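J.: Dropping a structure here in structure tokens format, bear with me for questions.
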Amino acid sequence: MKFLSRAVKVIKRTKSVKSIRFEKPEHFSYLPGQWTFLIFGDGPERIMKPLSFSSSPTEDHLEVTKKLTGLRFSELIDDLEVGDTLSLDGPYGSFSFLGEHDKVCMLSGGIGITPLRSMIKFCTDKKTSTDISLLYSNRNEDEIPFYDDLMPMQRANPRLVVNMTITNPSPAWRGLSGRLNGEMIKSTVPQWAERIYYVSGPQPMVESMTALLTEIGLDPSQIKHEYFSGYNRSNAGEELVG
């Protein structure tokens, strides 16, 4: 479904991550975790990119979130103002969760959190019975997209546990540190072997996590994933560069 929508709010999540909220058409529906094309311009000058909805279907707006990289699409996102109208084309994708599993673990890095945030918000608003454990990796504690969103959700949802790990922590950081690994999963995720895993991020990160989960004994049927295009392989799980 292709449609026009007006930007109603611009949110600076971190110094390099922005969320854009749009009006939600009256009859538009999507599943938590799905994505849309965001389209600038028309004809030969058209620039478009697939972006996951960071909003939940339970919210009265649509939201997409982008790491700003200095490339043309990021510049257009950065220049967006409230009142601007853009074309969206969606929803697309089968990576979704509506609370159909008793226990899940969600693994993500950096901006890869967007579809998982949609799922977590949906489950929190719907008060599903799913036990959700989130392991979320970022480079430093000043650049954690949705930190101020996830922590209140954890307080509101007794079935949600959020663990964040920092790969380049400051001396003041008191949480987990280092990249996601098998020992971290086993030590922080209760009943880790019984869960369904949702992995979201750049292809290298997703492939690495999928291999890791298989190595620690999970069946491939327990692993669901979403690849994000345009990531810098040297910063897998931390940066979106396209």
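The values are calculated or read from the model by the stated rules, or taken from the named source; none is laboratory data. What you see is a predicted model, and the numbers here were worked out from it, not measured in a lab. Because the Cβ atoms are built from the backbone with ideal geometry, glycine has one as well, and the counts that use them run over all protein chains shown.
A quick yes/no check of all residues on (1) modelled with pLDDT of 95 or more; (2) out of contact with any Gly (no Cβ under 9 Å at 6 or more places or on another chain):
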site: LEU150; (1), (2): yes, yes
site: LEU160; (1), (2): yes, yes
site: MET164; (1), (2): yes, no
site: GLY175; (1), (2): no, yes
site: ARG179; (1), (2): no, no
site: GLU183; (1), (2): yes, yes
site: SER187; (1), (2): yes, yes
site: TRP192; (1), (2): yes, yes
site: TYR197; (1), (2): yes, yes
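J.: Under 9 Å between Cβ atoms, which residue pairs at least 6 apart in sequence (or on different chains) link something in the range 183-196 that is in contact (Cβ under 8 Å) with a residue 12 or more places away in the chain with a partner that is among the aliphatic types (A, V, I, L, M) and assigned to a helix (DSSP H, G or I)?
T.: From the range 183-196, the pairs are ILE185/LEU212; ILE185/LEU213; LYS186/ALA193; TRP192/ILE185.
J.: Same structure again: Suppose we keep only residues that are touching a Leu at 6+ places or on another chain (Cβ under 8 Å) and buried (at least 19 other Cβ atoms within 10 Å of the Cβ) within the range 143-161. Which one would you say is farthest from ILE111 (Cα to Cα)?
T.: Among those residues, the one meeting the criterion is LEU160.
J.: What's the total number of residues in the range 23-37 that are over 16 Å from the mean Cα position of the chain (by Cα) and not in a loop (DSSP other than H, G, I, E, B)?
T.: 1
J.: Kindly check whether there is at least one residue in the range 127-142 that is loosely packed, with under 15 Cβ neighbours inside 10 Å, among the hydroxyl-bearing types (Ser, Thr, Tyr) and either part of a loop (DSSP other than H, G, I, E, B) or touching a strand residue (DSSP E or B) at 6+ places or on another chain (Cβ under 7 Å) (or both).
T.: Scanning the range 127-142 turns up at least one residue that is loosely packed, with under 15 Cβ neighbours inside 10 Å, among the hydroxyl-bearing types (Ser, Thr, Tyr) and either part of a loop (DSSP other than H, G, I, E, B) or touching a strand residue (DSSP E or B) at 6+ places or on another chain (Cβ under 7 Å) (or both).
J.: Do we have any residue at all in the range 208-230 that's at pLDDT below 95, among the hydrophobic types (A, V, I, L, M, F, W, C), in contact with a Ser or Thr (Cβ under 8 Å, 6 or more places away or on another chain) and assigned to a strand (DSSP E or B)?
T.: yes
Results for (1) assigned by TED's automatic domain parsing to the domain that holds SER137; (2) under 20 Å from PRO152 (Cβ atoms); (3) part of a strand (DSSP E or B); (4) touching a residue at least 40 places away in the same chain (Cβ under 8 Å), shown as yes or no for each residue.
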{"position": "PRO50", "(1), (2), (3), (4)": "no, no, yes, yes"}
{"position": "SER56", "(1), (2), (3), (4)": "no, yes, no, yes"}
{"position": "THR65", "(1), (2), (3), (4)": "no, yes, yes, yes"}
{"position": "ILE113", "(1), (2), (3), (4)": "yes, yes, no, yes"}
{"position": "SER118", "(1), (2), (3), (4)": "yes, yes, no, yes"}
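J.: Quick check on the range 6-22. Is at least one of its residues in contact with a strand residue (DSSP E or B) (Cβ under 7 Å, 6 or more places away or on another chain), within 30 Å of GLN222 (Cα to Cα) and assigned to a strand (DSSP E or B)?
T.: no
J.: Restricting to the range 38-48, what's the tally of residues that are surrounded by fewer than 19 Cβ atoms within 10 Å (Cβ to Cβ) and either within 21 Å of the chain's Cα centre (by Cα) or charged (D, E, K, R) (or both)?
T.: Within the range 38-48, residues that are surrounded by fewer than 19 Cβ atoms within 10 Å (Cβ to Cβ) and either within 21 Å of the chain's Cα centre (by Cα) or charged (D, E, K, R) (or both) number 5.
J.: Only one of these is outside the structural domain of SER221 (by TED's automatic domain parsing) and touching a residue at least 12 places away in the same chain (Cβ under 8 Å): PHE122, PHE97, PHE146. Name it.
T.: Of the residues listed, the single one that is outside the structural domain of SER221 (by TED's automatic domain parsing) and touching a residue at least 12 places away in the same chain (Cβ under 8 Å) is PHE97.
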